[in-house]
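Okay, structure first, notes after.
The values are calculated or read from the model by the stated rules, or taken from the named source; none is laboratory data. Please read these numbers as outputs of a predicted model, since none were measured by experiment. Here the Cβ positions follow ideal geometry from the backbone for every residue, glycine too, while neighbour counts run over all protein chains shown.
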Amino acid sequence: MPDHQSHTSPAEKNVAELQLDGVWRVVVLNDPVNLMSYVVLVFKKVFGFDDATARKHMMEVHEQGRSVVWVGLREKAEAYAFTLQQWHLTATLEPDETH
Amino acid sequence: MKRIEVKLSLPVVAPLLDVIRELSDRLGKGLAAPLALSDLDEEFRESWVAELLASQGADVQTLLALFNDEFFTEGVVAFDEENAEPILRACAAIRLTLREKFLRKLGDETLESGEIDLEGLEEPVRRAFMCYLFLATVQELIIQHLDTSILDS
């Protein structure tokens with residue numbers, strides 16, 4: 001996992017840091033290729049979900065096109081998104097406005 | 001170490017390896033699944049992509065290593081705790097790329113259902129779809145027999 005290196009000026013950095021503050025959601029998007037059993041395994045492997053939780057999120061992805069699989073600080077959310085990408089699942093991050 | 005050996009039909013699988021080898025070159029240059037994060041700064045994004053490409057390339061090499069002398073003499077490939085994870089990922093990467101390059105016109109619903117008249121497909125698409133199904137079978141085999149090893153590793 002690469003380190004996040006910032007090259008912004010101090011003023012810009014404050015804005016960037018503010019934008020990255022708060023709580024973020026890791027959202028997995030549907031694709032028509034990856035097998036349901038594969039997605040379940042990846043969720044169990046990456047997030048440590050039990051079988052029922054992994055299946056619930058997989059079905060959300062399959063039926064609704066997306067599932068929020070993790071919520072928390074930006075740095076860890078990025079790490080999860082990177083790992084999901086290594087497994088060829090498409091993941092995005094979005095700010096959690098509820099916090 | 002848990003290990004499963006699978007006997008494959010050489011005449012069926014050998015032609016599919018050409019498809020996999022051709023796509024492995026493509027996978028050395030681009031990610032199978034597009035990076036969907038739009039707010040990464042450019043330097044960070046480049047670093048991510050480089051690392052993901054290296055990981056993707058290593059996974060595909062592990063898959064290709066399955067088809068060694070033993071495969072071409074006995075038709076046998078072996079999955080174990082060490083190669084299961086990279087092969088699972090490599091199969092996913094190649095299936096995604098097969099869709100992009102050959103199978104998009106079949107439509108996603110058809111692709112998901114797998115209900116396709118093989119005889120009605122043109123040769124490059126037919127071979128790509130056979131490869132797509134073969135790699136899905138490999139994934140199912142690994143998940144069925146080695147999922148505990150993957151989750152515990």
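Select from segment A:61-82 the residues that are touching a helix residue (DSSP H, G or I) at 6+ places or on another chain (Cβ under 7 Å), away from chain B (no Cβ under 12 Å) and not aromatic (Phe, Trp, Tyr) and list them in ascending order. Within segment A:61-82, A:Val61, A:Ser67, A:Val69 qualify.
For every residue, the table says whether it meets (1) surrounded by 13 or more Cβ atoms within 10 Å (Cβ to Cβ); (2) closer than 24 Å to B:Arg26 by Cβ; (3) modelled with pLDDT of 95 or more.
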position	(1), (2), (3)
B:Gln56	yes, yes, yes
B:Leu66	yes, yes, yes
B:Glu70	yes, no, no
B:Glu119	no, no, no
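Of the residues making up segment B:107-122, those that are part of a helix (DSSP H, G or I) and of a type in the set (Val, Ile, Thr) number 1. In the condition set (1) assigned to a helix (DSSP H, G or I); (2) surrounded by fewer than 19 Cβ atoms within 10 Å (Cβ to Cβ); (3) within 12 Å of chain B (Cβ to nearest Cβ), A:Gln85 is compliant with all but (2).
Residues that are under 19 Å from B:Leu133 (Cα atoms) and of a type in the set (Asp, Glu) within segment B:60-99 comprise just one, B:Glu85. If you go through segment B:98-106 one residue at a time, do you hit one that is more than 26 Å from A:Ala81 (Cβ to Cβ), outside any helix (DSSP H, G or I) and within 16 Å of the chain's Cα centre (by Cα)? No, there is no match, as no residue in segment B:98-106 is more than 26 Å from A:Ala81 (Cβ to Cβ), outside any helix (DSSP H, G or I) and within 16 Å of the chain's Cα centre (by Cα). All conditions but one from (1) in a loop (DSSP other than H, G, I, E, B); (2) more than 14 Å from chain B (Cβ to nearest Cβ) apply to A:Phe49; the one that does not is (2).
Among residues that are within 17 Å of B:Ala92 (Cβ to Cβ), hydrophobic (A, V, I, L, M, F, W, C) and either more than 13 Å from chain B (Cβ to nearest Cβ) or under 16 Å from the mean Cα position of the chain (by Cα) (or both), A:Val42 is included.
Within segment A:46-76, the set of residues being crowded, with 19+ Cβ neighbours inside 10 Å and charged (D, E, K, R) is empty.
When A:Glu97 is tested against (1) modelled with pLDDT of 95 or more; (2) more than 11 Å from chain B (Cβ to nearest Cβ), just one condition goes unmet, and that condition is (1). Applying the set (1) within 13 Å of another protein chain (Cβ to nearest Cβ); (2) outside any helix (DSSP H, G or I); (3) closer than 29 Å to B:Glu123 by Cβ to B:Arg89 leaves exactly one unmet item: (2). Inside segment B:32-82, can you point out the residues that are of a type in the set (D, E, K, R), away from chain A (no Cβ under 12 Å) and under 19 Å from B:Arg21 (Cβ atoms)? Those that are of a type in the set (D, E, K, R), away from chain A (no Cβ under 12 Å) and under 19 Å from B:Arg21 (Cβ atoms): B:Asp69, B:Glu70. Return the pairs, sorted by first residue and then second, in which the second residue is crowded, with 18+ Cβ neighbours inside 10 Å, the first residue lies in segment B:133-153 and is outside any helix (DSSP H, G or I), the beta carbons are less than 8 Å apart, and the residues are 6+ apart or on different chains. These pairs meet every condition: B:Ser153/B:Glu85. Just wondering, is there one or more residues in segment B:63-84 that are touching a Pro at 6+ places or on another chain (Cβ under 8 Å) and not in a loop (DSSP other than H, G, I, E, B)? Yes: segment B:63-84 contains one or more residues that are touching a Pro at 6+ places or on another chain (Cβ under 8 Å) and not in a loop (DSSP other than H, G, I, E, B). Cβ-Cβ distances below 6 Å connect the following pairs, each with a first residue in segment B:64-93 that is among the charged types (D, E, K, R), a second residue that is modelled with pLDDT of 95 or more and assigned to a strand (DSSP E or B), and a separation of six or more residues or different chains: B:Glu70/B:Val76. Residues of segment B:33-50 that are part of a helix (DSSP H, G or I) and touching a helix residue (DSSP H, G or I) at 6+ places or on another chain (Cβ under 8 Å): B:Trp48 alone. How about segment A:64-81: which of its residues are closer than 19 Å to A:Val33 by Cα and within 8 Å of the chain's Cα centre (by Cα)? Passing the criteria: only A:Ala81.
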